[in-house]
Amino acid sequence: MTTTVTWIIAIIVGIVIGALIMFLIFFAGSKSKYKTIISEAEAEGEVIKKNKLLEVKEKFLNKKAELEKEVAVRNQKIQQADSRLKQREQQLNHRQEELQRRKAEADAIKENLDMQLQMVEHRKEELEHLQQQERVKLEAISGLSSEQAKERLVESLKEEAKTDAASYINEIMEEAKMTANKEAKRIVIQTIQRVATETAIENSVTVFHIDNDEMKGRIIGREGRNIRALEAACGVEIVVDDTPEAIVISGFDPIRRETARLALHQLVVDGRIHPARIEEVVAKVQKQLEEEIIETGKRTTIDLGIHGLHPDLIRLIGKMKYRSSYGQNLLQHARETANLCSIMAAELGLNPKKAKRAGLLHDIGKVPDEETELPHALYGMKLAEKYKEKPDICNAIGAHHDEVEMTTLLAPIVQVCDAISGARPGARREVVEAYIKRLNDLENIAMSYPGVTKTYAIQAGRELRVIVGADKIDDAGVESLSTEIAKKIQDEMTYPGQVKITVIRETRAVAVAK
């Protein structure tokens, strides 16, 4: 294709040159000139023609060499592929021969196995025949069938096994009886020794220290109005006597005593002591105390390594700090029980974390937010179920006083550790618990009447102050109410001495200046 184009170009060039020459001859007017120009043009055309022919030949040769080179490369690749195919074909033939050889060997082995199997079957039949003959001979000699002989053999083996098993069980039981008491005492003693105990007796009074006795007059106020306002707001009795630089706060409820102590501290620091300010400070202290209760619960769970408790359970744990059981601080008792449970569970190969959790929560029923008739163990179990504690934890809480059946090993551990914590010397004081229960009963009796808003048992239970709503009971009803409460206390309760019932009907008018 390239050669043809070159030829066409050469011819066109020659025609153009010829035309040019003719044009020059036509305008020159000279015949000799025409001939000279024509001859020169023809010579030049021949030279161009030869040059073009040489170029075309050179390109043709170059293309031919390239094509021959490509053909040689392709032929080489084809030869290599052919050699690989031949090599693979040889490998396949070799593998086929190997497979045929192995198949022949397998067929030979199979035939041999079939022959051996036939021999085994034949021998098995012979053996069964011999066994049958022997069985017939034995039955004839003994006078028993094979089934009867088998039954007698089984019965004799059973009796022998029972005798051996009974002997073995008796040996184990005797050994267990000898070691059980010793092992149990060892575990309990080690558990007690590994827990550092401290005296946790709670009193029913709090002593508030002041810098000088002049502050006592300001706390009492004009005609005692300040101290009465503080007692009414906190529900405690404040004793101001000749004790130097000290005021005694008396009350069976530790939260009320702590509220009064903190309120007194803020009032003394601030210096403004009057009934309105007292009520404001008491309300603020009650809110701060609630926050302190939650913080105490969080710190307790972190110290013991217990996680995932519901926030309400954490708050109940914090409230234990301000409760006592038979004079023993409830939070200290719960922490001590939790540590004892963890150690004892570890000694027995149980989960110490679960045991510690159950030990900490076992007395949450003693700090209810509402009054309940249920025993504290059952109420604590209901609270744990309400806040999604696991069933074994709930059972351990409810069963630690045998009020529900124990279903897991955690329950007896919590029961034992609760007894260990409460029974150690100096842990509890029965008189205080009975005293606190009597004061609670006094307040509950008064609260059962309609129109009563608050009740406070003060002066060690010798006086009961009852605050009623001015819009619910009139002055005549106040007198009859105090008489009814006194009669009910006299009929239903046992107490030393006498109880004074004071009913307070108060009317307040509040206005705000803006």
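The values are calculated or read from the model by the stated rules, or taken from the named source; none is laboratory data. This one's a predicted model, so the numbers in the text were calculated from it and none came from an experiment. Neighbour counts are summed over all protein chains in view; Cβ atoms, including those assigned to glycine, are modelled from backbone coordinates with ideal geometry.
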Scanning segment 222-252 residue by residue, those within 27 Å of Asp441 (Cβ to Cβ) and either in contact (Cβ under 8 Å) with a residue 60 or more places away in the chain or of a type in the set (S, T, N, Q) (or both) turn out to be Glu231, Ala232, Gly235, Val236, Glu237, Ser250, Gly251, Phe252
Meets criteria (basic (Lys, Arg), modelled with pLDDT under 80 and out of contact with any His (no Cβ under 7 Å at 6 or more places or on another chain)) for Lys216 | yes
Determine which member of the set Arg84, Arg123, Arg135, Arg95 is over 30 Å from Thr6 (Cβ atoms) and in contact with a helix residue (DSSP H, G or I) (Cβ under 7 Å, 6 or more places away or on another chain).
-> Arg135
Which one of the conditions (1) on the phi < 0 side of the Ramachandran plot; (2) at pLDDT below 80 does Glu231 fail to meet, given that it meets all the rest?
-> (2)
Filter segment 360-410 for residues that are among the aliphatic types (A, V, I, L, M) and part of a loop (DSSP other than H, G, I, E, B); the one that is surrounded by the fewest Cβ atoms within 10 Å (Cβ to Cβ) is Leu374
Considering residues of segment 304-327 that are loosely packed, with under 14 Cβ neighbours inside 10 Å and without any contact (Cβ under 8 Å) to a residue 24 or more places away in the chain only, the residue nearest to Ala260 (Cα to Cα) | Pro311
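Matching residues to (1) within 20 Å of Gly305 (Cβ to Cβ); (2) of a type in the set (D, E, K, R):
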| site | (1), (2) |
| --- | --- |
| Lys354 | yes, yes |
| Gly359 | yes, no |
| Asp363 | yes, yes |
| Val367 | no, no |
| Leu374 | no, no |
| Gly380 | no, no |
Single residue of segment 452-472 satisfying the filter (out of contact with any Ser or Thr (no Cβ under 9 Å at 6 or more places or on another chain) and surrounded by 17 or more Cβ atoms within 10 Å (Cβ to Cβ)) that is modelled with the lowest pLDDT = Gly461
Determine whether segment 310-333 contains at least one residue that is assigned to a loop (DSSP other than H, G, I, E, B), in the same structural domain as Ile413 (by TED's automatic domain parsing) and within 18 Å of Asp392 (Cβ to Cβ).
-> yes
Answer yes or no: is there a residue in segment 237-244 that is β-branched (Val, Ile, Thr) and in a helix (DSSP H, G or I).
-> no
Answer yes or no: is there a residue in segment 57-69 that is more than 60 Å from the chain's Cα centre (by Cα), free of Cβ contacts under 8 Å to residues at least 12 places away in the same chain and within 26 Å of Gly18 (Cβ to Cβ).
-> yes
Answer yes if at least one residue in segment 345-360 is under 25 Å from Asp253 (Cβ atoms) and either at pLDDT below 90 or of a type in the set (A, V, I, L, M, F, W, C) (or both), and no otherwise.
-> yes
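Conditions tested, residue by residue: (1) of a type in the set (A, V, I, L, M, F, W, C); (2) within 14 Å of Val236 (Cβ to Cβ); (3) in contact (Cβ under 8 Å) with a residue 12 or more places away in the chain; (4) surrounded by 14 or more Cβ atoms within 10 Å (Cβ to Cβ).
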| position | (1), (2), (3), (4) |
| --- | --- |
| Glu258 | no, yes, yes, yes |
| Arg261 | no, yes, yes, yes |
| His265 | no, no, yes, yes |
| Pro275 | no, no, yes, yes |
| Lys287 | no, no, no, no |
| Ile293 | yes, no, yes, yes |
Condition met for Ser250 (assigned by TED's automatic domain parsing to the domain that holds Asn226, among the hydroxyl-bearing types (Ser, Thr, Tyr) and in contact with a strand residue (DSSP E or B) (Cβ under 6 Å, 6 or more places away or on another chain)) | yes
Please identify the pairs in which a residue from segment 107-120 that is in contact (Cβ under 8 Å) with a residue 40 or more places away in the chain has its Cβ atom under 9 Å from the Cβ atom of a residue that is surrounded by 10 or more Cβ atoms within 10 Å (Cβ to Cβ), counting only partners at least 6 apart or on another chain.
-> none
